[in-house]
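K.L.:
I'd like to ask you about the structure that follows.
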Amino acid sequence: MKIDAHLEKLRNTESVRRRLDPKADYELWYWMTLTGGTAAINAALHSVGATDDGDYWCTQAPDIYLGPGKKPGEFTPSFRRRADIIHVHMPDVSAKLPPELDEAIRAMDVLEEVRDPYIRGDAIVTQEVVDRVDGAYRKAVELAREIVAKSGRAVA
């Protein structure tokens, strides 16, 4: 995806996230948090040239991306490297990253760590978990926005 598309996804997920109760709606709130944070990281990775921001979208299959097909609404799969990530470290980015981006990715690692016990498992969502996820998300997004802004793009 293009940087602007990632930023639009971030704005959309933040809009939904604000309307949810983090504890009562934890699963939805968490997925909006993870999706928005990943969009922010993708925009930052593109901004520093670590990944390509082409007109294609990642899939669950490693290195397989979908791009526009011959007709509107059709998509064509292709093999790519250095494109969007679907989670931090999936796929791993081999480029040397600025320290701020490494820090943003480490913040997103917190979200990845809590996914299984609280989404797939039966761990009880506490205010401490919500605060930990929210703090990590805010840090990752803030750092990613700063990185994108340094590249000269307007970031809302």
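The values are calculated or read from the model by the stated rules, or taken from the named source; none is laboratory data. All values reported here derive from a predicted model rather than from experimental measurement. Cβ sites come from the backbone with ideal geometry, for glycine too, and all protein chains shown count toward neighbours.
K.L.:
Here is a list of conditions, (1) closer than 23 Å to A5 by Cα; (2) free of Cβ contacts under 8 Å to residues at least 12 places away in the same chain, and I41 meets all of them except one; can you say which number that is?
P.N.:
So the condition that I41 fails would be (2).
K.L.:
Hey, could you check region 44-96 for residues that are within 25 Å of K150 (Cβ to Cβ) and in contact with a Lys or Arg (Cβ under 6 Å, 6 or more places away or on another chain) and say which is surrounded by the fewest Cβ atoms within 10 Å (Cβ to Cβ)?
P.N.:
Among those residues, the one meeting the criterion is D52.
K.L.:
Please state which of the following conditions M32 fails to meet, knowing it meets all the rest: (1) touching a helix residue (DSSP H, G or I) at 6+ places or on another chain (Cβ under 7 Å); (2) aliphatic (A, V, I, L, M); (3) assigned to a loop (DSSP other than H, G, I, E, B).
P.N.:
With (1) touching a helix residue (DSSP H, G or I) at 6+ places or on another chain (Cβ under 7 Å); (2) aliphatic (A, V, I, L, M); (3) assigned to a loop (DSSP other than H, G, I, E, B) applied to M32, the lone miss is (3).
K.L.:
Between R132, R153, which is in a helix (DSSP H, G or I) and either surrounded by 16 or more Cβ atoms within 10 Å (Cβ to Cβ) or out of contact with any strand residue (DSSP E or B) (no Cβ under 6 Å at 6 or more places or on another chain) (or both)?
P.N.:
R132
K.L.:
Exactly one condition in (1) out of contact with any Asp or Glu (no Cβ under 8 Å at 6 or more places or on another chain); (2) in contact (Cβ under 8 Å) with a residue 60 or more places away in the chain is false for T33; which is it?
P.N.:
For T33, the exception is condition (1).
K.L.:
Is there a residue in region 11-23 that is part of a helix (DSSP H, G or I), among the small types (G, A, S), more than 22 Å from R106 (Cα to Cα) and modelled with pLDDT of 95 or more?
P.N.:
Yes, region 11-23 contains at least one residue that is part of a helix (DSSP H, G or I), among the small types (G, A, S), more than 22 Å from R106 (Cα to Cα) and modelled with pLDDT of 95 or more.
K.L.:
So, one more: Check off (1) loosely packed, with under 15 Cβ neighbours inside 10 Å; (2) closer than 22 Å to A149 by Cβ for T35 and give me the number that stays unchecked.
P.N.:
Here T35 clears every test but (1).
K.L.:
Right, another one. Give the number of residues within region 64-91 that are assigned to a loop (DSSP other than H, G, I, E, B), at pLDDT 80 or above and either touching a Phe, Trp or Tyr at 6+ places or on another chain (Cβ under 6 Å) or on the phi < 0 side of the Ramachandran plot (or both).
P.N.:
Residues in region 64-91 being assigned to a loop (DSSP other than H, G, I, E, B), at pLDDT 80 or above and either touching a Phe, Trp or Tyr at 6+ places or on another chain (Cβ under 6 Å) or on the phi < 0 side of the Ramachandran plot (or both): 9 in total.
K.L.:
Which residues, taken from region 122-155, are among the small types (G, A, S), within 17 Å of D4 (Cβ to Cβ) and over 16 Å from the mean Cα position of the chain (by Cα)? Spell out how you get there, then give the answer.
P.N.:
Narrowing region 122-155 to residues among the small types (G, A, S): 123, 135-136, 140, 144, 149, 151-152, 154.
If we keep only those that are within 17 Å of D4 (Cβ to Cβ) as well, we get 144, 149, 151-152, 154.
Correct list: A149, S151, G152, A154.
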